[in-house]
């Protein structure tokens with residue numbers, strides 16, 4: 001439901017704030033809400049219902065052209081007017097198209113849904129690489145402590161494994177791989193973000209897709225965030241339950257797992273918001 005309000009906030013961002021505009025906005029929200037519940041009654045998911053309710057209004061440019069008449073002393077928008085983003089001022093401005101069938105979504109260089117899906121796929125790889133790198137950097141401490149704890153283990157002694165070598169391998173190996181993943185992820189991400197901001201403007205269909213993806217990921221985001229927090233809490237309990245070095249090792253391992261989940265789902269969720277922020281829409 002918040003997505004419906006957010007969408008209308010975006011649509012009305014360039015409309016003068018008059019009483020007539022406020023009433024029209026509320027009427028549209030009521031209509032979209034009814035459409036949303038109708039779609040739910042048909043058995044559709046919340047995400048699909050939101051998308052259908054937004055799509056029922058038509059394109060943003062057509063809707064704005066109709067709503068422009070609500071402003072005080074505002075000239076009626078030409079049927080061929082479209083909204084373009086001014087990178088210098090950070091505002092949306094109206095320009096007149098010579099073709100009445102021109103669609104803002106087909107503008108050359110526009111950030112279309114296909115571009116967004118490619119960006120989100122890159123964001124998932126970045127989130128996975130960075131979260132694993134951070135987790136390994138933290139978890140290496142736990143592995144080293146657990147390896148040191150194994151000094152007194154008869155099994156390792158029987159195999160003739162050098163405890164000092166095992167500790168060094170766990171600590172330095174984990175740090176080396178973890179730092180390498182973090183650096184690699186950072187370098188890749190810089191190029192991804194530059195590519196995102198080079199594609200202007202953000203197409204209306206992409207805006208709708210970003211809202212839908214953000215909503216559909218909400219449950220996974222909440223679950224991952226909760227799981228990560230639980231693991232961090234359990235990390236505090238581990239040393240209390242086992243006062244030996246094993247308890248200290250488990251502390252770092254639990255923290256590493258918890259941080260992995262928190263960072264991973266947080267970065268993926270932010271990638272959907274970043275597409276919305278790329279258009280510098282005022283409600284973000």
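Mind listing whichever residues of region 270-284 are surrounded by 21 or more Cβ atoms within 10 Å (Cβ to Cβ) and modelled with pLDDT of 85 or more?
271, 272
I'd like to verify a number: residues in region 13-70 that are surrounded by fewer than 16 Cβ atoms within 10 Å (Cβ to Cβ), under 15 Å from residue 208 (Cβ atoms) and at pLDDT 75 or above, how many?
So the count comes out to 2.
So that you can scan it fast, the table gives a plain yes or no per residue for (1) within 18 Å of residue 262 (Cα to Cα); (2) modelled with pLDDT of 85 or more; (3) surrounded by 13 or more Cβ atoms within 10 Å (Cβ to Cβ); (4) under 24 Å from the mean Cα position of the chain (by Cα):
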residue: 125; (1), (2), (3), (4): yes, yes, yes, yes
residue: 129; (1), (2), (3), (4): yes, yes, yes, yes
residue: 138; (1), (2), (3), (4): yes, yes, yes, no
residue: 149; (1), (2), (3), (4): no, no, yes, no
residue: 159; (1), (2), (3), (4): no, no, no, no
residue: 162; (1), (2), (3), (4): no, no, no, no
residue: 167; (1), (2), (3), (4): no, no, yes, no
residue: 185; (1), (2), (3), (4): yes, yes, yes, yes
residue: 193; (1), (2), (3), (4): no, no, yes, yes
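The values are calculated or read from the model by the stated rules, or taken from the named source; none is laboratory data. Please read these numbers as outputs of a predicted model, since none were measured by experiment. FYI the Cβ positions are ideal-geometry reconstructions off the backbone, even for glycines, and counts take in every protein chain you see.
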